[in-house]
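A.B. asks: Here's a structure for you.
The values are calculated or read from the model by the stated rules, or taken from the named source; none is laboratory data. Bear in mind the structure is a predicted one, so any value in this text is a computation, not a measurement. Cβ atoms come from the backbone with ideal geometry, glycine included; neighbour counts cover every protein chain shown. These area figures cover heavy atoms from the full protein model, side chains too; ligands, DNA and RNA do not enter into them. Shrake-Rupley method; radii C 1.70, N 1.55, O 1.52, S 1.80 Å.
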Amino acid sequence: MSQTLFTNATLATLQGESGYGLQAQAALLVDGERIAWLGDAAGAPAPDGAEVVDCGHRLLTPGLVDCHTHLVYGGDRADEFELRLEGASYAEIAARGGGILSTVAATRAASEAQLFAAALPRIRALLDEGVTALEIKSGYGLDSDSEIKMLRVAERLGRELGLRLQKTFLGAHALPPEYEGRADDYIDLVCDEMLPRARAAGLVDAVDVFIESIAFSRAQGERVLERAQQLGLPIKAHVEQLSDLGGAAMAAGRGALSVDHLEYLAAKDVAALAASGSVAVLLPGAYYVLRETQLPPIEALREHGVPMALATDANPGSSPIHSLLLIMNLACTLFRLTPAEALRGVTRNAARALGMDGEIGSLEIGKQADLVLWDVDRPAMLSYRVGVNPCAAVMRAGAWHKRGVLA
Ligand code: DI6
Ligand code: FE
C-alpha cells in the first residue's frame, strides 16, 4: 500500500467544535486510503518508501464537500435570466410554467448520455477547486423513468470520476404539468411508485422535498419524508426559501440530516433545529442570484449552536454557480459568516449534512485521505478572494487527482 508523507504543512484540521483547528509546522501521513498520522512535523514518522511531499508552509485542508447540488439537468435558463432582468420574479416565471418546469421539459427530452455530457464540465469545475465529495439531486424528471434516468447519470458520474457521491431523490421538487391541480395525486405517485422504484434500482441514498408556496405544502412534504423513512432512507428538505411554511421544524423533528435554504426560518424554530441535530445548509448562491433580501437567522443559528454548512445549490435557475470558493466568499460577504465558519461549512458540517462525517470532512487519524493542498498560507485566503483558484493539489482516498505545484 502506498504511503505519502506531507511535511512542512499548515493544517486546517477542522477538529474541535469551532475554528480551523490550525496546526503550523505540521506533517500528515497517508497510508493507503486513510490518514494514518498527523501532528508536529518534528515528530513525524518516516516510513521507508513513503513519498515525501514538502508543502512549503502551504495550507492543507480536508477535501471540500458540496452537500446540495442539482448538477444533472437538460438545457439551461439563460433566457429566464434575461426575463428576470426585465423585471419578472422567480415566482412569476414559475407560475407561467417556466422556471423549474422548463428544465423538466429539457431533462425529459435528453438522453442519459446527453445529461452525462452536460453535467461533466459542471462537476469538473467543482473538482478543480478541491471538491472531493458531493451530493446530486434528481427532481427535473418528475416521472419514474426520468427521475431514474437522472439518478443513473449521477451514479455514473460518481463511479467514473471516483467520487464519494450521495444520490438524493427529489421527486417532490415541483408539480409536473400533467398533474396540474392534483398535487395530492402526484404525492401519491411519488410515495407509491416513483420513490420505491428508484430505491429498488439502488439509486437512492437520501430523500429531499421542496416545501414552498410554489411547490408542496408542509403536509405533502411530510408524507414523502414519512415514506422515505419507512423505506429506511435518510431525509432532508428544502424549506423556508421564499416563505415560512414551518417545514424546517417538521423535517428536523423527524431527524432530517439537513434542512436547506432557511432565509425565512422563524426565530422560534431555531431552538427546534438545535435540539434535532439537523445541519442548517445555507445556500448564499441562490440568495445572491434571486436578489433575496431576507437573511437567514444566522446569529440565532450561531447562538443555538446549530451546525451550519454551505453548498453551491448548483442548478440552472436560482444558482448557476459551480464554485464552492465563491460560495464561501458570498457566505462571508452576504451572510456575515466568519472565514472559519465558511471553511467548516464546506468541510466538516457539509460532511455531516451528508451523514458522512465519520469518514470525511476533517483531518483526523482513520478518516479517508481526501486532502487539498492550497497555494496559500492562511485559511482566510480561501474566502477572501474571488476569481483566483489556489487549489494546488488534490488527493482523494489516498490517490492523486491533481498535482499542480507539486508536479
Ligand atoms: N430551490 C432552489 O433554489 C432550486 N430548487 C429548489 O427547490 C431551484 C431549482 C430551479 O430553479 O431549477
Ligand atoms: Fe436546491
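A.B. asks: Mind checking which strands (runs of 3 or more DSSP E) fall wholly inside the stretch 292-407 and carry at least 3 residues that are under 16 Å from the mean Cα position of the chain (by Cα)?
C.D. replies: The qualifying strands (runs of 3 or more DSSP E) are 308-310.
A.B. asks: Scanning for something of a type in the set (Asp, Glu) and over 22 Å from ASP313 (Cβ atoms), does the stretch 335-357 turn up at least one residue?
C.D. replies: no
A.B. asks: Contact list please: Cβ distance under 7 Å, first residue in the stretch 178-202 and free of Cβ contacts under 8 Å to residues at least 24 places away in the same chain and open to solvent by 30 Å² or more (accessible area, probe 1.4 Å), second residue aromatic (Phe, Trp, Tyr) and outside any helix (DSSP H, G or I), pairs at least six apart or on different chains.
C.D. replies: Going by the 7 Å Cβ cut-off, there are no qualifying pairs.
A.B. asks: Report, ordered by the first and then the second residue, all pairs with beta carbons closer than 6 Å, sequence separation of six or more or different chains, a first member in the stretch 329-341 that is free of Cβ contacts under 8 Å to residues at least 60 places away in the same chain, and a second member that is of a type in the set (Ser, Thr, Tyr) and crowded, with 23+ Cβ neighbours inside 10 Å.
C.D. replies: Once the first residue is free of Cβ contacts under 8 Å to residues at least 60 places away in the same chain and sits in the stretch 329-341, its partners that are of a type in the set (Ser, Thr, Tyr) and crowded, with 23+ Cβ neighbours inside 10 Å give ASN329/SER383; CYS332/SER383; PRO339/SER383.
A.B. asks: Condition first: closer than 22 Å to GLU155 by Cβ, away from ligand 1 (no atom under 16 Å from the Cβ) and either at pLDDT below 95 or of a type in the set (Asp, Glu) (or both). Can you find one or more residues in the stretch 205-222 that meet it?
C.D. replies: Checked the stretch 205-222: at least one residue is closer than 22 Å to GLU155 by Cβ, away from ligand 1 (no atom under 16 Å from the Cβ) and either at pLDDT below 95 or of a type in the set (Asp, Glu) (or both).
A.B. asks: Further, regarding this structure: Residue pairs, Cβ under 6 Å, 6 or more apart or interchain, first in the stretch 283-294 and under 16 Å from ASP66 (Cβ atoms), second near ligand 1 (Cβ under 10 Å from one of its atoms) and assigned to a loop (DSSP other than H, G, I, E, B). List them.
C.D. replies: LEU283/ASP313; GLY285/ASP313; GLY285/SER319; ALA286/ASP313; ALA286/SER318; ALA286/SER319
A.B. asks: Separate question: Within the stretch 276-291, work out how many residues are in a strand (DSSP E or B), β-branched (Val, Ile, Thr) and within 13 Å of ligand 1 (Cβ to nearest atom).
C.D. replies: Of the residues in that region, 1 qualify.
A.B. asks: Name the single residue that is farthest from VAL279 (Cα to Cα) among those in the stretch 232-242 being open to solvent by 30 Å² or more (accessible area, probe 1.4 Å) and away from ligand 2 (no atom under 14 Å from the Cβ).
C.D. replies: Selected residue: GLY232.
A.B. asks: Out of THR103, THR132, which single residue is closer than 24 Å to VAL259 by Cα, among the hydroxyl-bearing types (Ser, Thr, Tyr) and away from ligand 2 (no atom under 16 Å from the Cβ)?
C.D. replies: Within the list THR103, THR132, the selection yields THR132.
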